[in-house]
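The values are calculated or read from the model by the stated rules, or taken from the named source; none is laboratory data. In this text the structure is predicted, and so the values were computed from the model without any measurement. Neighbour counts run over all protein chains shown; Cβ positions are idealised from the backbone, glycine included. Calculation scope for accessible area: heavy atoms of the full protein, side chains included, ligands and nucleic acids excluded. Shrake-Rupley method; radii C 1.70, N 1.55, O 1.52, S 1.80 Å.
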Amino acid sequence: MHPIATVRMNKILLHACCGPCATHCVLALRNAGWDPTLFFANDNMDSAEEFEKRLESLRLFAHAQNVPVEVAPYKPESWNADISGFESAPEGGARCARCFLHNLSRTAAFAVDRGFHHFTTSLTVSPHKHSPTVFAAGNAAAAAADDALAFEPFNFKKQNGFQHSVSLAKEYGLYRQDYCGCRFSRQLARNRDSLPSQPS
């Protein structure tokens, strides 16, 4: 009898913004031949409480799927410094681009420190995130960190990735937020919720 061949998976560090977004991304990466490690680096969270709620959700899913989780310390002051001067920028604009670069730069630095040669992010699973802007931030973070590090531009929203993440979040009972995490997006969500309902 011939021995069963062992498929060698390529290791990749997956920046995860929350548990629900990570669900589809982990499964998609595994199906594509990658062995992901989750990295929670989200200095943009508007409070330590929100940071911990999302981390708890991520760990719940990671435990169920046997995925390692690494966590960057919560440092909102460094994020505030990086988006300084762009507080009035519209959602999805220059402030968001700087936010992506901040968190992906932390991811890239961790990847180099731990010997990863590839990294990516769950941000692109969201229909509210402009994938080319995320890719630009990832490539810039990789270039600044190490020549041997590659950002892998996965557009996880393709092939109904977002809808899949929503159904998986329900399946695993994960906390699912209604804003991206920063104080600006939270205010937008509150403003949206305060609008009078329209007659049907």
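If a residue must be surrounded by fewer than 18 Cβ atoms within 10 Å (Cβ to Cβ), out of contact with any strand residue (DSSP E or B) (no Cβ under 8 Å at 6 or more places or on another chain) and on the phi < 0 side of the Ramachandran plot, how many such residues does region 111-130 contain? Of the residues in region 111-130, 5 are surrounded by fewer than 18 Cβ atoms within 10 Å (Cβ to Cβ), out of contact with any strand residue (DSSP E or B) (no Cβ under 8 Å at 6 or more places or on another chain) and on the phi < 0 side of the Ramachandran plot. Each residue in region 146-175 was checked for being surrounded by 21 or more Cβ atoms within 10 Å (Cβ to Cβ) and under 24 Å from Gly115 (Cβ atoms), and 2 pass.
What number of residues within region 148-168 are polar (S, T, N, Q) and under 28 Å from Ala109 (Cα atoms)? Before you say what the answer is, go through the steps one by one.
First pass over region 148-168, keeping only residues polar (S, T, N, Q): 155, 159-160, 163, 165, 167.
If we keep only those that are under 28 Å from Ala109 (Cα atoms) too, we end up with 155, 165.
Looking only at that region, the number is 2.
Going through (1) of a type in the set (A, V, I, L, M); (2) under 16 Å from the mean Cα position of the chain (by Cα); (3) under 25 Å from Asn155 (Cβ atoms) one by one, Val71 falls short only on (3). Scoring Tyr179 on the criteria (1) open to solvent by 10 Å² or more (accessible area, probe 1.4 Å); (2) at pLDDT 95 or above leaves a single failure, condition (2). Region 17-98 holds helices (runs of 4 or more DSSP H) entirely within its bounds, and those carrying 2 or more residues that are open to solvent by less than 50 Å² (accessible area, probe 1.4 Å), among the charged types (D, E, K, R) and under 18 Å from Ala169 (Cβ atoms) map to 48-65.
Pairing residues of region 7-29 that are of a type in the set (Val, Ile, Thr) with residues that are outside any helix (DSSP H, G or I), at Cβ distances under 6 Å and at least 6 apart in sequence or on separate chains, gives Ile12/Trp34; Ile12/Pro36; Ile12/His118; Val26/Pro36; Val26/Val67.
Filtering region 40-86 to residues that are under 24 Å from Ala97 (Cβ atoms) and charged (D, E, K, R) leaves Asp43, Asp46, Glu50, Arg54, Lys75, Glu77, Asp82.
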